[in-house]
Amino acid sequence: MRVLVLGNGHRAGVEEEARKLRPFLEQHCDIVLFDLRQVVDLAPLTADLALVLGGDGAILRAARQMGYRQVPVLGVNLGKLGFLADLSPDDLRRCFPSVAAGDFRVTRHLMFECVVESPGHSRTFLGLNEVVIRSGPPYRIIDLDLLVDGEKVSEFSGDGLIVSTPIGSTAHSLSAGGPILGQELPAFVLTPICPHALTSRPVVDSADKPYTMMVRRSCAGAVLIVDGQDTISLTPEHRVSVRRAPVQFSLVKVPGQSYYQTLRNKLRWGTGPNFRHEP
């Protein structure tokens, strides 16, 4: 098995753990690249698996670094929560020999392209979690127009709007009151951030439609944030569109893992109230 080892070397403990793991990994696979800064161009490389050390942010960076040539990702959690990074270093040592022998499954997940257009200029960003348009300093209310499949469907006033994939539905969107989506659904969730209206609620719709947002009037500090990593200042001249990407993110699952198990273990979803014991 040919493996890329990627990770967030800026996070405390990642480089140390990577040095400990490397001799073990070399016993079971061919390490094509060992990059803890995630700056190497992966386009000329071929691999069967990308082992990502760090937290979910490291996985987001790895997905963007791989671009339109996605390699299945196995995440090792050295961060705080690690919703996508299921394994601890000890879990990896236990299961990696089986993974190297092919005992795993791969799930496929929606990625998006975010196109930012202004007069005479256009940029496209590939992402996995979400696109956020929000107000910034001096933190005044932001007014947004939303078009779905070319039709103007809503006007939002508030702190902003999140367009999230199913993978991203358990991140910023969840914190803003959005629903949890099954990770393999072909859908986007639109979640207003602190809307100034009782009628504004999250909506789930097909990933086959384009979603376009525009700042309706000038708002100092308005920004677009892609996967928490790229930030672009916005004016009413900008047009932001989100659409399904022509590539999918691939996540490695080892035996004994499931999505609902992760929801229970990481987010405490579905656990009962803490009743007191009756005599």
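The values are calculated or read from the model by the stated rules, or taken from the named source; none is laboratory data. Bear in mind that the values here come from a model prediction, so they are computed numbers and not experimental data. Cβ sites come from the backbone with ideal geometry, for glycine too, and all protein chains shown count toward neighbours. Note: accessible area is taken over every heavy atom of the protein model, side chains too, but ligands, DNA and RNA are not part of it. Shrake-Rupley method; radii C 1.70, N 1.55, O 1.52, S 1.80 Å.
In the stretch 84-96, how many are assigned to a loop (DSSP other than H, G, I, E, B) and buried (at least 21 other Cβ atoms within 10 Å of the Cβ)?
3
Specify which of the listed residues (Val99, Val116) is touching a His at 6+ places or on another chain (Cβ under 8 Å) and either open to solvent by less than 20 Å² (accessible area, probe 1.4 Å) or acidic (Asp, Glu) (or both).
Selected residue: Val116, the only one of Val99, Val116 that is touching a His at 6+ places or on another chain (Cβ under 8 Å) and either open to solvent by less than 20 Å² (accessible area, probe 1.4 Å) or acidic (Asp, Glu) (or both).
Taking Ile232 as meeting all but one of (1) at pLDDT 95 or above; (2) open to solvent by less than 40 Å² (accessible area, probe 1.4 Å); (3) farther than 21 Å from Leu128 by Cα; (4) not hydroxyl-bearing (Ser, Thr, Tyr), write down the number of the exception.
All conditions pass for Ile232, except number (3).
From Val204, Val226, Val254, Val247, which residue is modelled with pLDDT under 95, closer than 26 Å to Val106 by Cα and of a type in the set (A, V, I, L, M, F, W, C)?
The match here is Val254.
Listed here are the residues, each with its yes/no results for (1) outside any strand (DSSP E or B); (2) in contact with a Lys or Arg (Cβ under 9 Å, 6 or more places away or on another chain); (3) of a type in the set (Asp, Glu); (4) in contact (Cβ under 8 Å) with a residue 24 or more places away in the chain.
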{"residue": "Glu155", "(1), (2), (3), (4)": "no, yes, yes, yes"}
{"residue": "Gly177", "(1), (2), (3), (4)": "yes, yes, no, yes"}
{"residue": "Gly182", "(1), (2), (3), (4)": "yes, no, no, yes"}
{"residue": "Asp208", "(1), (2), (3), (4)": "yes, yes, yes, yes"}
{"residue": "Thr231", "(1), (2), (3), (4)": "no, no, no, no"}
{"residue": "Pro236", "(1), (2), (3), (4)": "yes, yes, no, no"}
{"residue": "Val242", "(1), (2), (3), (4)": "no, no, no, yes"}
{"residue": "Pro246", "(1), (2), (3), (4)": "no, no, no, yes"}
{"residue": "Ser250", "(1), (2), (3), (4)": "no, yes, no, yes"}
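State all residues of the stretch 58-74 that are open to solvent by less than 30 Å² (accessible area, probe 1.4 Å) and within 15 Å of Asp227 (Cβ to Cβ); if no residue qualifies, say none.
Ala58, Ile59, Leu60, Ala62, Ala63, Met66, Gly67, Val73
Loosely packed, with under 14 Cβ neighbours inside 10 Å, among the small types (Gly, Ala, Ser) and in a loop (DSSP other than H, G, I, E, B): does that describe Ala47?
No, not satisfied.
Scan the stretch 187-206 for residues that are part of a loop (DSSP other than H, G, I, E, B), of a type outside the set (D, E, K, R) and open to solvent by 70 Å² or more (accessible area, probe 1.4 Å) and report the count.
Here the count works out to 4.
Here are the criteria: (1) touching a residue at least 60 places away in the same chain (Cβ under 8 Å); (2) not in a strand (DSSP E or B). Tell me which single one His109 does not satisfy.
All conditions pass for His109, except number (2).
Name the residue that is farthest from Val99 (Cα to Cα), counting only residues in the stretch 3-44 that are of a type in the set (Asp, Glu) and not in a strand (DSSP E or B).
Ranking the qualifying residues of the stretch 3-44, first place goes to Asp41.
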